[in-house]
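Structure first, commentary second.
Just so it is clear, none of the values below were taken in a lab; they were calculated from the coordinates. It should be emphasised that the depicted structure is a prediction, and the values quoted were computed from it without experimental measurement. Cβ placement follows ideal geometry from the backbone for every residue including glycine, while neighbour counts extend to all protein chains displayed.
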Protein chains: 2
Amino acid sequence: MTRTARKALIAFQGERGAFSEEAARKLLGAGIDLLPCPRFEDVFRSLQEGAAAGAVIPIENTLAGSVHENYDHLQRYEFPIVAETNVRIVHNLMAPPGVPFSHLRRVYSHPVALNQCLDFFARHPAIERVTYYDTAGSAKMIMEEGLGDAGAIASAVAAEIYGARILRRSIEDDRRNFTRFFLLRTPEYTRRNNPRIPPNAQWKTSLVFSTRNIPGALFRCLSAFALRDLNLTKIESRPLRGKPWEYLFYLDFLGRVDSPAAQNALGHLGELADVLKVLGCYPRG
Amino acid sequence: MTRTARKALIAFQGERGAFSEEAARKLLGAGIDLLPCPRFEDVFRSLQEGAAAGAVIPIENTLAGSVHENYDHLQRYEFPIVAETNVRIVHNLMAPPGVPFSHLRRVYSHPVALNQCLDFFARHPAIERVTYYDTAGSAKMIMEEGLGDAGAIASAVAAEIYGARILRRSIEDDRRNFTRFFLLRTPEYTRRNNPRIPPNAQWKTSLVFSTRNIPGALFRCLSAFALRDLNLTKIESRPLRGKPWEYLFYLDFLGRVDSPAAQNALGHLGELADVLKVLGCYPRG
């Protein structure tokens, strides 16, 4: 019993109600059991130690870029990516039930969230911005403290979990703010459970590779895909620290990793790259 | 007089003592006059309105990725990049002079900085982490309030500006945390002032281009550089919002934009890309 219960946990970084939880619900349904972790590294460790059966991690954001730290963990821990999803980052203003908008004097949230709602604060100069360590944590705090003049900015899921009432929806300055999340599973979980694959799914494969930075090196590496008509959906270079002329590349292409074209492309890329690691193959989100 | 004084200002996002100020000093010397701005967009506006003669912006970080927002502003405002530098993000614990380490009960900083010093807080569980809207702002606050049991985590420049005393240097968990910054100038400033170019400088050119995502499209675009032995130092794709199958690419290559090889490569790339915009050509940092 205990073992089964533990195996169902999905680890994520942050407090309950974080955007990673919204991604986990989108990927696995609202009925999942969650394991909130303080750091990304703790998320990966919980998978390794068997405390969780899966994990949901952010990998890139349309405003803030790729989360290199999670690419590093993906390479080190080698848990396969089995699904992806995109979540729009919607900032909602909430308060304890019974506190009307006109009573708000302070609004708590993570400074990144506060800075993404500057138009709202410009329109309401009487409301003070107060920083808090976490968006969802700020929702939890205003409810626990029962503050009569304070609100929080957090996700709709956080409002639901902590019982806060949403006073203003979607107060962010820029609505084109999306985060892409990966679902990771332990190889044991994948072996024991046949994941449900949507019929007619289009597949994506994610990999990293490194090359010496000689002119044309990347061009030759990309020929492995171009010559086989494999379509790229992401390419990003990252300088390798301590190796001034070497680069790591993140690459996603459309296709199953076990298709003949992909196998040939990976064989070809393997001849050209110093390091090549497939991070996962999953239905396109 | 006023005009000259205003023209010398360098705009940056954040409070005095932010890491952008450290980058500005590295690029232009410690004697510069600064214009702190609340948002990145305000930095660009201050250049456009003539309130500043230059700006320093972060463009990518080794842990957190590219700052897409600033790539967007670079394309919209068209101020050329004239220099780059890399700054290591060093988090220092500081307190008002006379407050010893043993008196510290609370440490204020931006949550991202606090989360990058978790090993320090694990070793000192009696010290509470308190979030603040800004790293440099937390140094300013502990000095203004004259708190006897509180410290801040911020840059060495912030300690110097606000008169705080550094109690522990470099308490960040990961020392491989670097941010790359660009210096922007108005075209008028560049015309009137001959920028000093280091002799034997190696040059870098930054550009953005977009293609339709047909298989091999990027491969063909990169042939423009590979066929002319131009070495890339950065390539990154970014999905174009609202155009599901189109991508924007950020690309840096080594070379002067006005060299024959670069001119030919840009001509070739122009045949293949839908949009092509050179963001600047500058000595390698």
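The H on the amide N of B:LEU248, modeled in the peptide plane, is under 5 Å from the matching H of B:ARG238, B:LEU240, each at least 5 residues off or on a different chain.
Placing a label point 7 Å from Cα along the Cα-to-Cβ direction at B:ASP274 gives distances to the equivalent points in the other copies of 3.6 nm, listed shortest first.
Please report the antiparallel percentage of DSSP beta bridges with both residues in the protein assembly as shown, rounded to the nearest 5. Rounded to the nearest five, the antiparallel share is 75 percent. Largest first and in whole Å, the equivalent-ellipsoid semi-axes of chain A read 39, 23, 16, each the square root of five times a Cα gyration tensor eigenvalue.
In the protein assembly as shown, a dipole from Cβ-located charges (positive for Lys and Arg, negative for Asp and Glu) runs towards its positive end, and of A:PHE121, B:PRO239, B:LEU114 it is B:PRO239 whose Cα lies farthest in that direction. Across the copies of the chain, B:GLU128 has label points (7 Å from Cα along Cα→Cβ) spaced 1.7 nm apart, shortest distance listed first. Mean per-residue shielding of peptide B:110-118 is 3, counting Cβ atoms of other chains within 10 Å of each Cβ.
Shape of segment B:92-168 from its Cα gyration tensor (a ≥ b ≥ c, root eigenvalues): rounded if a/c is under 1.5, otherwise prolate when a/b > b/c, or oblate? Oblate, since a/c reaches 1.5 and b/c is not below a/b.
What the Cβ-Cβ distance of A:LEU240 and A:ARG105 gives, at R0 = 51 Å and to the nearest 0.05, is a FRET efficiency of 0.55.
With an a/c value of 1.5 or above and a/b not larger than b/c for the gyration tensor axes a ≥ b ≥ c computed over the alpha-carbon atoms, the protein assembly as shown is described as oblate. Distances between placed amide hydrogens fall under 5 Å for A:GLU128 paired with A:ARG106, A:VAL107, all partners being 5 or more residues away or on another chain. I need the shape label for segment B:94-138. Rule: rounded when a/c is under 1.5, else prolate if a/b > b/c, else oblate, with a, b, c from the alpha carbon gyration tensor. Taking the square roots of the gyration eigenvalues as a ≥ b ≥ c, segment B:94-138 is oblate. Translational diffusion of segment B:203-283, estimated by Stokes-Einstein from the Kirkwood radius over alpha carbon pairs at 10 °C in a medium of 1.306 mPa s, is 126 µm² per second. B:GLY148 label point (Cα plus 7 Å toward Cβ) to equivalent points in the other copies: 3.4 nm, shortest first. The ranking of A:LEU27, B:LEU218 by Cβ neighbour count inside 10 Å, starting from the fewest, reads A:LEU27, B:LEU218. Rounded to the nearest 0.05, what FRET efficiency is calculated for B:ARG39 and A:ALA126 with R0 set to 25 Å and r the Cβ-Cβ distance? For B:ARG39 and A:ALA126, the calculated efficiency is 0.75.
Among chain B residues, the one whose Cβ is nearest the axis of the rotation from B to A, given with its distance rounded to whole Å, is B:GLY65, 1. When chain B is described by a simple charge dipole with +1 on each Lys and Arg Cβ and -1 on each Asp and Glu Cβ, the residue from B:ASN61, B:GLY17, B:ASN264 located farthest towards its positive end is B:ASN264.
Along segment A:269-285 the Karplus relation, 6.51 cos²θ - 1.76 cosθ + 1.60 evaluated at θ = phi - 60°, assigns HN-Hα couplings of 4, x, 5, 9, 8, 6, 10, 9, 9, 7, 8, x, 9, 7, x, 4, x Hz to successive residues, with x for each Gly and Pro. Peptide B:56-68 is shielded by partner chain Cβ atoms: per residue, an average of 4 of them sit within 10 Å of its Cβ.
Please state, to two decimals, what the Cα-based radius of gyration of segment A:109-235 comes to when divided by 2.2 N^0.38 Å (N = residues). Walk me through the numbers on the way to the answer.
Working: Rg = 22.7 Å, N = 127, 2.2 N^0.38 = 13.9 Å.
Cα-based Rg divided by the globular estimate yields 1.64.
Please arrange B:SER109, B:SER66, B:SER46 by counting, for each residue, the other beta carbons lying within 10 Å of its beta carbon, fewest first.
The fewest-first ordering by Cβ neighbours comes to B:SER46, B:SER66, B:SER109.
Calculated FRET efficiency, A:ASP174 to B:ASP119, Cβ-Cβ distance, R0 = 25 Å: about 0.15 to the nearest 0.05. Using just its DSSP H runs of length 4 or more, each adding -39500 (n - 2.57), chain A gives a mean residue ellipticity at 222 nm of -9000 deg cm²/dmol after division by all residues. Backbone phi angles across segment B:26-32, fed through the Karplus curve with coefficients 6.51, -1.76 and 1.60 (θ = phi - 60°), yield HN-Hα couplings of 5, 7, 10, x, 6, x, 6 Hz in residue order; Gly and Pro are listed as x. Taken residue by residue and averaged, Cβ atoms of other chains lying within 10 Å of the Cβ of B:230-240 number 6. Looking at segment B:92-168, the DSSP beta bridges with both ends there are about 45 percent antiparallel.
For A:LYS26, the aspartates and glutamates whose Cα falls under 15 Å of its own Cα, not counting residues fewer than eight places away in the same chain, are A:GLU84. Note on A:VAL278 and A:GLU160: the extension gain reaches 38.7 nm, defined as 0.36 nm multiplied by sequence separation minus the Cα-Cα distance. Report for chain B the percent antiparallel among DSSP-assigned beta bridges with both residues inside it, nearest 5. Looking only at bridges with both residues in chain B, the antiparallel portion is about 75 percent. Under a 5 Å amide H cut-off, with hydrogens placed 1.01 Å from N, B:GLU60 pairs with B:VAL67, B:ARG180 among residues at least 5 apart or on other chains.
Between the alpha-carbon centers of segment B:21-51 and segment B:106-141, tell me the distance in whole angstrom. If we compute the Cα centre of each part, the gap is 26 Å.
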